[in-house]
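Visitor: Pasting a structure here, questions to come.
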Amino acid sequence: MKERLQKVMARAGVASRRACEQLILAGRVTVNGKVVRELGTKVDLSHDSVAVDGKLVGVPERYVYYILHKPRGFLTTVSDDRGRKTVMQLLKSVPERIFPVGRLDYDSEGLLILTNDGQLANRLMHPRYQVRKFYLVKVANEVTASDVEKLRTGVELEDGITSPAYVQLLAAGPKESLLKIGIREGRNRQIRRMCQALDFKVKRLIRTQIGPVKLGNLAAGAYRRLTEQEIGKLKQAVNRSGR
């Protein structure tokens, strides 16, 4: 059965659906030898030959799931045309073709999920599924109870007010405070922008949890496979949230 090209590519483990759309628009995808730039193109891998940058796309033999403790100074992308360091350089020994789910800023740290399961990746990133992500945020400011309430109820950003968030003040001092923030949205650099809206200077930002999956004591730059239990809980989270 023919399906949209970007959906087929994502399911085959090329990248997330959004990233696959960008590959198509950039003219890097061919179908039966011809460059395709239309997102509405439909294909069937059992009959059509699909390639990205000349490499044939096939359905993965099995899906794999990893978590990485991303350090600062790495781009959350498969490759970079400017030669900057990417998270994939930290996973060179992984035999499967995997891609990062969503993004974590260059200057941010913490939990990143990587997989070749395009459907799960799409659900984890799509706002409909409301998967909450938790962050530890150290700011060079004294945070008050009033500030916490503003973050909880919603902060006005240039692209609209943020949805209610989980916010806990873990430590507060005149020159430094530590916050735990949980959000279900996926706006670009959202945590940093929320803090900026309150004139907070972010000193360190670490993502500690995505849905039921926690970073734990995984060292910076290290990675591991998700356990079967973690995979099951992650799939339950997106299935339950998307109903």
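Visitor: Answer yes or no as to whether Val8 is within 19 Å of Arg123 (Cβ to Cβ), β-branched (Val, Ile, Thr), part of a loop (DSSP other than H, G, I, E, B) and not assigned by TED's automatic domain parsing to the domain that holds Leu114.
Guide: no
Visitor: Separate question: Could you go through the stretch 96-107 and let me know if any residue there is assigned to a strand (DSSP E or B), more than 26 Å from Ala197 (Cα to Cα) and either in contact (Cβ under 8 Å) with a residue 12 or more places away in the chain or not polar (S, T, N, Q) (or both).
Guide: Yes: the stretch 96-107 contains one or more residues that are assigned to a strand (DSSP E or B), more than 26 Å from Ala197 (Cα to Cα) and either in contact (Cβ under 8 Å) with a residue 12 or more places away in the chain or not polar (S, T, N, Q) (or both).
Visitor: So which residues in the stretch 116-138 are buried (at least 22 other Cβ atoms within 10 Å of the Cβ), aliphatic (A, V, I, L, M) and in a strand (DSSP E or B)?
Guide: Within the stretch 116-138, just Val137 meets the criteria.
Visitor: Please enumerate the residues belonging to the stretch 51-94 that are outside any loop (DSSP other than H, G, I, E, B) and under 26 Å from Lys235 (Cβ atoms).
Guide: Result: Tyr65, Tyr66, Ile67, Leu68, His69, Lys70, Val87, Met88, Leu90, Leu91.
Visitor: Moving on to the next point. For the subset of the stretch 159-177 comprising residues that are under 22 Å from the mean Cα position of the chain (by Cα) and not in a strand (DSSP E or B), which member is surrounded by the fewest Cβ atoms within 10 Å (Cβ to Cβ)?
Guide: Asp159
Visitor: Sticking with this structure for a sec: Quick one: count up the residues across the stretch 139-149 that are among the charged types (D, E, K, R) and assigned to a helix (DSSP H, G or I).
Guide: Residues that pass the stated criteria total 2.
Visitor: Kindly indicate the residue of the stretch 103-155 that is under 25 Å from Val87 (Cβ atoms) and among the hydroxyl-bearing types (Ser, Thr, Tyr) and also modelled with the lowest pLDDT among those meeting that condition.
Guide: Out of the qualifying residues, it is Tyr129.
Results for (1) under 29 Å from Arg132 (Cα atoms); (2) touching a strand residue (DSSP E or B) at 6+ places or on another chain (Cβ under 7 Å); (3) assigned by TED's automatic domain parsing to the domain that holds Ile231, shown as yes or no for each residue.
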residue	(1), (2), (3)
Ile24	no, no, no
Thr30	no, yes, no
Leu45	no, no, no
Pro71	yes, yes, yes
Ser79	yes, yes, yes
Arg84	no, yes, yes
Leu112	yes, yes, yes
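Visitor: OK, next. Select from the stretch 122-147 the residues that are over 28 Å from Leu234 (Cα atoms) and in contact (Cβ under 8 Å) with a residue 40 or more places away in the chain and list them in ascending order.
Guide: Passing the criteria: Val139, Ala140, Asn141, Val143, Asp147.
Visitor: Can you find, within the stretch 22-50, the residue that is farthest from Thr77 (Cα to Cα) among those that are β-branched (Val, Ile, Thr) and assigned to a strand (DSSP E or B)?
Guide: Per the criteria, the residue is Val43.
The values are calculated or read from the model by the stated rules, or taken from the named source; none is laboratory data. As the structure is a prediction and not an experimental result, all values here were calculated from the model. FYI the Cβ positions are ideal-geometry reconstructions off the backbone, even for glycines, and counts take in every protein chain you see.
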